[in-house]
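Here's the structure we're looking at; comments come further down.
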Amino acid sequence: MCGIVGYVGSKQACPILLEGLSKLEYRGYDSAGIAVYDGNKIDVKKARGRLRVLSDMVDGGQNVKGVMGIGHTRWATHGEPSDVNSHPHVSSSGRFAVVHNGIIENYLPLKKRLMEKGFQFVSETDTEVIAHLFEYYYKGDLLEAMTKVLHRVEGSYALGVLCSDYPDSFVAVRKASPMIVGVGRGENFIASDVTAILNHTRNVYYLEDDEIVMLSADSVKIYNTDREEIKKEIFRVNWDVSSAEKGGYEHFMMKEIEEQPKALRDTISPRIKDGKIVLDEVSLTAKDIASLRKIYIVACGSAYHVGVVGKYTIERMCRIPVEVEVASEFRYHDPLISEGDLVIVISQSGETADTLAALKEAKSRGARILSIVNVVGSAIANASDDVIYTWAGPEIAVATTKAYSTQLAVIYLIAVYMAEKLGKLTDEQYKNLISELSALPDKVAEILKNKEEIQYLASQFFSCKSIFFIGRNIDYAVSLEGSLKLKEISYIHSEAYAAGELKHGTISLIEEGTLVVALATGSALYDKTISNVKEVKARGAVVMAVTAASREHTEDVCDYVIRIPDADELVLPSLSVVPLQLFGYYVASLKGCDIDKPRNLAKSVTVE
Ligand code: G6P
């Protein structure tokens with residue numbers, strides 16, 4: 001979490017930093033700050049609250065003069081959100097200003113030692129030790145001080161550091177937290193993610209762990225911790241600038257919901273060639289696939305929910321056992337992984353701390369890692385054997401929609417690809433599944449044409465105190481996501497249950513008027529789920545069903561029915577999730593919630 005941006009050039013830095021931070025607010029938004037070298041000293045402004053508080057404080061950047069600076073938007077870990085805990089943190093003399101994303105795990109012993117040496121701390125943060133360590137180690141050479149600091153700190157960090165002795169340049173480094181370097185003409189940048197600098201340049205360096213960069217207006221030099229210069233390749237980002245802008249939408253979330261047909265098309269169509277699924281990114285041979293004993297899927301949050309669909313889908317199609325687990329559990333339970341087992345890691349950001357740690361744990365036990373990632377060059381992508389990118393483009397809203405959908409599409413591609421390699425599909429089945437996958441973007445677009453229907457339903461239920469989602473098998477997997485979407489942005493308590501499990505306790509919570517959202521999309525389990533619907537109806541529930549166009553008599557049992565286009569059962573989750581995303585969105589909107597930045601959350605979770 002936390003977003004970092006830095007600039008050096010000939011323009012006024014502060015407005016550029018504020019603009020960059022506005023693109024990074026999704027990473028954390030409980031306070032923000034900037035430090036700008038004003039030609040004489042480092043001027044620091046910071047404030048608790050959203051970026052606009054800081055922006056008002058500096059009059060949109062007009063009040064702070066200088067052509068080099070760093071900025072930060074925070075998601076508090078050490079110390080409450082407050083002015084004093086906000087970044088940048090400065091050393092006692094004011095010579096150094098530091099912004100940090102990550103966690104310094106050994107900050108307490110470092111802080112103790114520095115205090116014994118007379119350094120005074122003003123904040124509760126782990127970051128402040130870095131500012132003082134720079135002061136402690138600095139003997140006139142900023143790069144040397146940086147390497148000494150890096151030798152002392154443990155944990156994860158992306159750092160941007162200004163030193164008032166260096167009027168024309170600043171340094172940055174990363175380890176297990178993201179940081180890219182933007183290379184412009186007569187100006188250079190650092191940022192936690194490319195969206196922050198896309199308005200200025202598309203040429204970037206992706207830094208590896210512990211690569212140190214020194215930037216001035218005209219040069220970018222990258223060093224290792226022995227202070228030897230490293231040559232790296234510049235990468236050209238082809239994301240559209242508008243993809244990181246709201247483009248007339250009230251919220252990024254709705255824009256991203258609407259972008260799903262395109263994101264699905266971009267993810268699926270390049271991988272279908274001449275009627276075959278081609279996964280050039282996957283190095284597993286047919287023989288490797290045939291020898292798989294077990295597959296693990298590991299992820300967090302919504303990406304984990306994709307994994308739950310993946311378990312049903314891959315097991316059904318490939319007949320290979322699949323275990324799906326949240327990364328924060330997987331990494332600590334001594335997983336039973338053997339040499340050559342396949343671990344599929346799913347992550348939008350490619351930097352979720354628990355997911356990355358689980359990946360490393362699996363890798364250290366000899367597993368082969370295939371990851372599904374959205375952010376190119378991210379830590380998870382870099383650490384994997386094979387990466388299949390979801391071409392969703394930047395996702396800014398904290399609640400994921402298009403990344404979830406494209407992850408699901410990649411899971412289908414993998415399942416069908418492997419099933420075909422295993423000889424589990426007839427030619428006709430294979431052809432049919434490919435045409436189902438190709439048709440998905442248009443079917444999602446069709447659902448999006450009926451947004452008003454969902455808006456109406458949201459108007460009926462936005463004052464509910466508690467909402468249940470039920471379904472069986474893949475419908476259950478989608479229920480998990482529908483429930484999370486609703487609760488994370490609307491703050492309505494919600495739970496998802498396997499439809500058959502409700503009667504083992506949870507049904508006691510159903511009372512007159514409780515809303516139950518029942519997913520009954522596939523034909524195989526339709527009647528079973530409808531029986532569960534009858535059970536809750538008999539106890540006073542109001543039922544809103546999501547079902548496929550051709551299922552019959554749903555209206556006879558359910559109070560409200562949302563219909564999605566017919567499709568092969570395999571791909572129905574891609575369709576049924578869309579009304580649930582819209583429902584969560586409209587409920588949150590009617591409640592006046594901050595949809596893109598729900599309380600207490602951050603999009604990119606780089607702490608355990
Ligand atoms: C956060 C986001 C979720 C996301 C999860 C995993 O909690 O709000 O939308 O599913 O992290 O993130 P990742 O980037 O690994 O997919």
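The values are calculated or read from the model by the stated rules, or taken from the named source; none is laboratory data. All of these numbers come straight from a predicted model, not from anything done at the bench. Positions of Cβ are generated from backbone atoms using ideal geometry, with glycine treated the same way; all protein chains shown enter the neighbour counts. In case anyone asks, the SASA skips ligands and DNA or RNA and just uses the protein heavy atoms, side chains included. Shrake-Rupley method; radii C 1.70, N 1.55, O 1.52, S 1.80 Å.
From the residues in segment 328-349 that are under 25 Å from Glu395 (Cβ atoms), open to solvent by less than 10 Å² (accessible area, probe 1.4 Å) and modelled with pLDDT of 95 or more, which one is farthest from the ligand (Cβ to nearest atom)? Across segment 328-349, the extreme among qualifying residues is Val343.
Residues that are over 21 Å from Asp168 (Cα atoms) and among the hydroxyl-bearing types (Ser, Thr, Tyr) were ranked within segment 203-250; the one that is surrounded by the fewest Cβ atoms within 10 Å (Cβ to Cβ) is Ser242. Can you find a residue in segment 254-274 that is touching a helix residue (DSSP H, G or I) at 6+ places or on another chain (Cβ under 6 Å) and at pLDDT below 95? Within segment 254-274, not a single residue is touching a helix residue (DSSP H, G or I) at 6+ places or on another chain (Cβ under 6 Å) and at pLDDT below 95.
Within segment 163-187, being more than 23 Å from His200 (Cα to Cα) and open to solvent by less than 20 Å² (accessible area, probe 1.4 Å) holds for one residue alone: Cys163. Note on segment 370-414: residues that are open to solvent by 10 Å² or more (accessible area, probe 1.4 Å) and more than 12 Å from the ligand (Cβ to nearest atom) amount to 11.
Do the conditions hold for Tyr249, that is, is it aromatic (Phe, Trp, Tyr) and modelled with pLDDT of 95 or more? So Tyr249 fails the test. Checking the conditions here, which among Ala403, Ala358, Ala381 is more than 30 Å from Met254 (Cβ to Cβ) and in the same structural domain as Glu325 (by TED's automatic domain parsing)? None of the other options fit; the residue is Ala358.
Identify all residues within segment 96-124 that are crowded, with 24+ Cβ neighbours inside 10 Å and not aliphatic (A, V, I, L, M); write none if there are none. If the condition is that a residue be crowded, with 24+ Cβ neighbours inside 10 Å and not aliphatic (A, V, I, L, M), then Phe96, His100, Asn101, Gly102 are the ones that fit.
If you go through segment 52-89 and pick out every residue that is over 24 Å from the mean Cα position of the chain (by Cα) and part of a helix (DSSP H, G or I), you end up with 8. Checking segment 43-51 against the condition returns no match, with no residue being at pLDDT 95 or above and assigned to a loop (DSSP other than H, G, I, E, B).
Every residue, every condition in (1) touching a residue at least 60 places away in the same chain (Cβ under 8 Å); (2) of a type outside the set (S, T, N, Q); (3) not assigned by TED's automatic domain parsing to the domain that holds Ile190, yes or no:
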residue: Pro15; (1), (2), (3): no, yes, no
residue: Glu19; (1), (2), (3): yes, yes, no
residue: Gly28; (1), (2), (3): yes, yes, no
residue: Val67; (1), (2), (3): yes, yes, no
residue: Trp75; (1), (2), (3): yes, yes, no
residue: Ser92; (1), (2), (3): no, no, no
residue: Phe96; (1), (2), (3): yes, yes, no
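All conditions in (1) open to solvent by 10 Å² or more (accessible area, probe 1.4 Å); (2) more than 15 Å from the ligand (Cβ to nearest atom); (3) of a type outside the set (S, T, N, Q); (4) part of a helix (DSSP H, G or I) hold for Lys360, with the sole exception of (2). Of the set (1) hydroxyl-bearing (Ser, Thr, Tyr); (2) open to solvent by 10 Å² or more (accessible area, probe 1.4 Å); (3) out of contact with any Asp or Glu (no Cβ under 7 Å at 6 or more places or on another chain), all apply to Ser86 but (2). Listed by position, the helices (runs of 4 or more DSSP H) inside segment 260-321 whose residues that are closer than 18 Å to Leu570 by Cα number at least 2 are 260-268, 301-318.
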